[in-house]
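Novice: Below is a structure I'd like to ask you about.
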Amino acid sequence: VPGPTVVLFGGLHGNEPAGARAIGVVLAQLREGRLPLRGELVGLAGNRRALAAGRRYLDRDLNRGWLPDQIARLWRADRTAAEDLEQRELLRALAPLLAFAREPIVFLDLHSTSGDGPPFTCMADVLRNRPVAFALPVPLILGIEEILEGSLMGYLCDLGHVAVAVEGGQSQAARTQRHHEAAIWLTLVAAGALEATQVPELAELRQLLADAARGLPPVIE
């Protein structure tokens, strides 16, 4: 069925497994429920080698190497660091989606934090990012993308797509995966891949995130 393309990333940092697990859960629930998804949904585990080792990265941070000149250097024969291999695999997976996109793709990047804290989102403050970011009832922190050079979401936003990152909470906390699952369902509805009425627990999922961020302002710079 025609509709948006939504791409989910989990585990760009190997010590943040909750996002990748949440993607697996949601994909399984979509298959089991046979929900009438519009468009295309793709789930990608970002740094599989680091995830297997339980480490943030093995040779370099995979979420800091997405500047154009860094990407160009990836294809040299001597680039054999673990994250070089991972990044090339991700680029190959993204290439056909980017090449044939007729409208902005919706990218959602799921992360978690070493310390305890509430979930939040971050994005480049362009209009096309706002419908997805504001669909999640957690604080939106602006300005992070100006500090972190070479992030995957920055790269994809610069290409003209929707790119929002979600920090779901502490990396090992069980609730963090549930926060990510909620963020995925809300994003699918915000993007138009599903109708709100097709997700029976949508109100509960929204409330789950709202409760986790209770008392915090909607936007922080």
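Novice: What is the packing order of peptides 99-111, 2-14, taking the mean over residues of other C-beta atoms within 10 Å and listing the highest first?
Specialist: Going from most to least packed, we get 2-14, 99-111.
Novice: What order do you get for 209-216, 22-29 when each peptide is scored by the mean count of other beta carbon atoms within 10 Å, highest first?
Specialist: Ranking the peptides 209-216, 22-29 by packing returns 22-29, 209-216.
Novice: With a 1.4 Å probe and every protein chain left in place, work out the accessible area per residue of the chain in Å², rounded to a whole number.
Specialist: Averaged over the residues of the chain, the accessible area is 48 Å².
Novice: Compute the signed sum of charges (Lys and Arg +1, Asp and Glu -1) over the other residues within less than 12 Å, Cβ to Cβ, of Ala212.
Specialist: For residues surrounding Ala212, the net value is +1.
Novice: Here's a follow-up. Starting from the Cα gyration tensor of region 66-221, take the square roots of the eigenvalues, sort them a ≥ b ≥ c, and report rounded, prolate or oblate (rounded when a/c is under 1.5, otherwise prolate if a/b is larger than b/c, else oblate).
Specialist: Cα axes put region 66-221 in the prolate bin.
Novice: Another one. Projected onto the charge dipole of the chain (+1 at Lys/Arg Cβ, -1 at Asp/Glu Cβ, origin at the Cα centre), which of Leu35, Leu8, Ala18 gives the Cα projection farthest towards the positive end?
Specialist: Going by the charge dipole, the pick is Leu35.
Novice: Rounded, prolate or oblate: pick one for region 144-221, where a ≥ b ≥ c are the square roots of the eigenvalues of its C-alpha gyration tensor, a/c under 1.5 means rounded, and failing that, prolate if a/b is larger than b/c, else oblate.
Specialist: Judged from the Cα gyration tensor, region 144-221 comes out oblate (a/c at least 1.5, b/c at or above a/b).
Novice: Okay, next question. For the chain, what is the mean residue ellipticity at 222 nm derived from helices alone (per DSSP H run of n ≥ 4: -39500 (n - 2.57); sum divided by total residues; nearest 500 deg cm²/dmol)?
Specialist: The per-residue figure over the chain is -12500 deg cm²/dmol.
Novice: To the nearest 20 debye, what charge dipole does the chain have about its Cα centre, counting +1 at the Cβ of each Lys and Arg and -1 at the Cβ of each Asp and Glu?
Specialist: It works out to roughly 520 debye.
Novice: Could I ask something else about it? When DSSP beta bridges are limited to those with both residues in the chain, what percentage is antiparallel, rounded to the nearest 5?
Specialist: In the chain, DSSP labels about 15 percent of beta bridges as antiparallel.
Novice: Can you tell me the orientation of helix 82-100 relative to the chain, as the angle in degrees between its alpha-carbon axis and the longest Cα principal axis, to the nearest 10?
Specialist: So the helix axis and the longest Cα principal axis differ by about 60 degrees.
Novice: Is the shape of region 1-83 rounded, prolate or oblate, going by the alpha carbon gyration tensor and its root eigenvalues a ≥ b ≥ c, with a/c under 1.5 for rounded and a/b larger than b/c for prolate?
Specialist: oblate
Novice: When only C-alpha pairs under 8 Å and at least 6 residues apart count, what is the relative contact order of region 14-87, in percent?
Specialist: Reported relative contact order: 37 percent.
Novice: Sort Glu181, Glu145 by heavy-atom solvent-accessible area, probe 1.4 angstrom, most to least.
Specialist: Accessible-area ranking of Glu181, Glu145, largest first: Glu145, Glu181.
Novice: For every other residue with a beta carbon closer than 11 angstrom to the beta carbon of Pro118, add +1 if it is Lys or Arg and -1 if Asp or Glu, then tell me the sum.
Specialist: Result for the neighbourhood of Pro118: -1.
Novice: Contact order normalised by length for region 1-149, with contacts defined as Cα pairs under 8 Å and 6 or more residues apart; what percent is it?
Specialist: Result for region 1-149 is 28 percent.
Novice: Measure nothing fancy, just the Cα-based angle from helix 18-33's long axis to the longest principal axis of the chain, in degrees from 0 to 90, nearest 10.
Specialist: Tilt relative to the chain: about 60 degrees.
The values are calculated or read from the model by the stated rules, or taken from the named source; none is laboratory data. From a predicted model like this one, the values you see are computed outputs, not experimental measurements. Here the Cβ is made from the backbone with ideal geometry for all residues, glycine too, and neighbour counts use every protein chain on show. Keep in mind that these areas ignore ligands, DNA and RNA; they rest on the heavy atoms of the full protein, side chains included. Shrake-Rupley method; radii C 1.70, N 1.55, O 1.52, S 1.80 Å.
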